[in-house]
Structures are given as structure tokens and as C-alpha cells.
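To keep things clear, I will list the structure first and then write my remarks on it.
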Amino acid sequence: MSNNKYITAFAPASIGNVAVGFDMLGLAIDGVGDRVSARKTEAQGVLIKEIYDHNGQPHQDLSREADKNTASISANALWESRGIECGIELIIHKGIPLQSGMGSSAASAVAGVVAVNALLDEPLEKSKLLSFALKGEEYASGGVHADNVAPSLIGGLVFCPLNMLPEILSIEVPENLSSVLIHPNLFVNTAESRLSLKANYSLSDMLQQQSYLAGFLLGVKENNLSLIKGNLKDIIVEPQRSSAVPCFDKMKKVAIQNGAFGCSLSGSGPSIFAICESKDAMHIESVMMETCKKEGYDCQSWVSKLNSPGAYVESN
Ligand code: HSE
């Protein structure tokens, strides 16, 4: 084999749903993500050599079996599709907490395919990697939704409804807006959370939510802050999930009182995000964290511009 050096890719965490677009809208965040290092091996198939946690210690909670990890499932799907003779070995570095609502499984899947793609003699365009990354995400969350995988792959705010896949649409965002993401020290299993959602909804609620999605997207397109503020709402899913995050109501209230345009669960939670003008972001981050801690939950936080970058290869 001519070259069996490791190539490392980074994929960022993400906010699924962005309140208004369940399963169809996602936002990349900055400064936290997963890394996957990949190299070719003589053996066939995909092997996970090790998984490390954010402290660089062997991860205690994730299986090393290649068919039980989103990075290796996705990497394997890409590798098999190319029909290459040799195998691959992966080292996974988890920077995103598990069951945090920050797109942890999606980021591993994306970093896996981006690293393995870089091993190919003729790498695919980034947009062609989505369907491989979705295989891992489907394993983890028990359903097909691209609202974490898509922003983690291409960055920024992404429209990715199921009926359009594998096509996705990157939405241009105003320069002056930021997201604030707070991760309370709690765990929510996305697959279980999805299973417990109601199956039927009233027509009036569906119409209301549709108008919120349209109004929010138009507000983003036109940089119309009052349209964004009036429409960044979820009346369908958030009310069913917020009781799993006891600090949610107070954190949302304090975010809005301090100028956030909207605040909701990130994906299935427990993480909570707000969108605001960038000039207000650090203050909103600080009051949300203070409230979270007062409610008895330690937390971590990140502030990102709405156009944060997607996955990239770090080293060759
Ligand atoms: N759209 C998904 C959900 C995102 O809300 O279940 C999970 O991170």
C-alpha cells in the first residue's frame, strides 16, 4: 500500500430543528465538534482502533464495534460504494457530549466520511457525502433526518426536508446574528424522544407552524429582525419535549427578556439555543448560564455566528 498515513477531519456540532423546522432545518455551531482520523489498512473492512473522550481518555460509553458506531457505519458506506480492495482504520475523538442535543452522532458520521473521502484517489464533492453520513445518523436516531448531518457537513443554516434529500439548500444568513447554545448537564436519548412524539396534530397547529417557518426564513433572507422575532417559535414539538429539561422554561424566559429573538430546545434537548443580534450574544449567554446553574444544573456554552463553517480536513 503506497500511503497508510492518518488523515483527520473535524465536523462541528449543530442545532437541529432551529425551533421552526422539525427535521428540516439545522444550524452549524462553532468551537465544538468531533474528529475522526482514518487510514488505509491491508485488512478488509472498517475497524475502530480507539475512541477517545474530550479529555483524551478512552471513551467509556461507546462501542468499538464498527456496525454500532455512526462514524464507522458512514465511513463504511462510502468505502464500500467505491469498491476498494483494502480496508480502513478509524480513531474517533469525541468533542461533543453524548445525548446532548448537539448533533453528536451526526458530527461523528460527518467527520468519518470526510476523513475517508480524503483517502480516495478521486474524492467526492462534499455535497455527495450527505447520503453516506445519513446512514450513521439513521442508526443512532432511529429515523432519517438531515438537520444535524447537513449543517455539520456544509456549515451555516441549512434547509434539508426529507422529500428533498439528498439535495439540501444552504441559506444565506445575516452577518449580524449569532446563536447561543447552552448544554445543561442532563441527557436526552434522541431515538426515545422521537418515539414519544404524538402521531397526530390539528390542522390549525400545522398551519401556524408552517407560517412560522415561512416567516422565519423570509426574515433571515431579508434581515428583517421583527419577522425573525415574530416567527422563531415551535408550538408542535417543544411543548412535548420541554418537560424533560426542568430548567428550560426559566432559561427561555431570561433569554427573551434579555433580547433573544427566540429560544428553544436544540434538537431533542437537553441543550437550549437562542438566536439574537451578535452584540447581545455574550450577555444572553451569561444570563442563561446563570439561570441554568441557579436551577441546579452545571452547564457549558458556545456562541457562534450563524454562518459557522462545516466539516473540513485538518491534516494530511
Ligand atoms: N430533528 C431531530 C429531532 C434532531 O428533533 O428529533 C435531533 O437532534
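Taking the conditions exactly as written (within 17 Å of the chain's Cα centre (by Cα), away from the ligand (no atom under 15 Å from the Cβ) and either over 21 Å from Met102 (Cα atoms) or in contact (Cβ under 8 Å) with a residue 12 or more places away in the chain (or both)), does Ser178 satisfy them or not?
yes
Out of all the residues in region 53-74, which are closer than 27 Å to Gly31 by Cβ and crowded, with 16+ Cβ neighbours inside 10 Å?
Scanning region 53-74 gives Asp53, His59, Leu62, Asn69, Thr70, Ala71, Ser72, Ile73, Ser74.
Let's see how each residue does on (1) of a type in the set (S, T, N, Q); (2) under 20 Å from the mean Cα position of the chain (by Cα); (3) closer than 25 Å to Ser193 by Cβ; (4) buried (at least 22 other Cβ atoms within 10 Å of the Cβ):
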position	(1), (2), (3), (4)
Lys221	no, no, no, no
Ser226	yes, no, no, no
Lys229	no, no, no, no
Lys233	no, yes, yes, no
Ile272	no, yes, yes, yes
Ser278	yes, no, no, no
Glu290	no, no, no, no
Ser301	yes, yes, yes, no
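Test Val20 against the stated conditions and say whether it is farther than 30 Å from Leu232 by Cα and buried (at least 22 other Cβ atoms within 10 Å of the Cβ).
Against the criterion (farther than 30 Å from Leu232 by Cα and buried (at least 22 other Cβ atoms within 10 Å of the Cβ)), Val20 does not qualify.
Can you tell me which residue is farthest from the ligand (Cβ to nearest atom) among those in region 110-149 that are buried (at least 20 other Cβ atoms within 10 Å of the Cβ) and in a loop (DSSP other than H, G, I, E, B)?
Leu119
Picking from Ser243, Ser202, which residue would you name as being within 16 Å of the ligand (Cβ to nearest atom) and over 21 Å from the mean Cα position of the chain (by Cα)?
Ser243
Can you confirm whether region 190-197 contains a residue that is in contact (Cβ under 8 Å) with a residue 24 or more places away in the chain, among the basic types (Lys, Arg) and either closer than 26 Å to Leu98 by Cβ or in contact with a Pro (Cβ under 6 Å, 6 or more places away or on another chain) (or both)?
yes
Kindly check whether there is at least one residue in region 3-25 that is modelled with pLDDT under 95 and either touching a helix residue (DSSP H, G or I) at 6+ places or on another chain (Cβ under 6 Å) or in a strand (DSSP E or B) (or both).
Checked against the condition, which is being modelled with pLDDT under 95 and either touching a helix residue (DSSP H, G or I) at 6+ places or on another chain (Cβ under 6 Å) or in a strand (DSSP E or B) (or both), region 3-25 yields no hits at all.
For region 150-168, does any single residue satisfy the condition of being in a loop (DSSP other than H, G, I, E, B), of a type in the set (A, V, I, L, M) and more than 12 Å from the ligand (Cβ to nearest atom)?
Yes; the residues of region 150-168 include at least one that is in a loop (DSSP other than H, G, I, E, B), of a type in the set (A, V, I, L, M) and more than 12 Å from the ligand (Cβ to nearest atom).
The values are calculated or read from the model by the stated rules, or taken from the named source; none is laboratory data. What you see is a predicted model, and the numbers here were worked out from it, not measured in a lab. For neighbour counting, all protein chains shown are included, and Cβ atoms are generated from backbone atoms with ideal geometry for every residue, glycine included.
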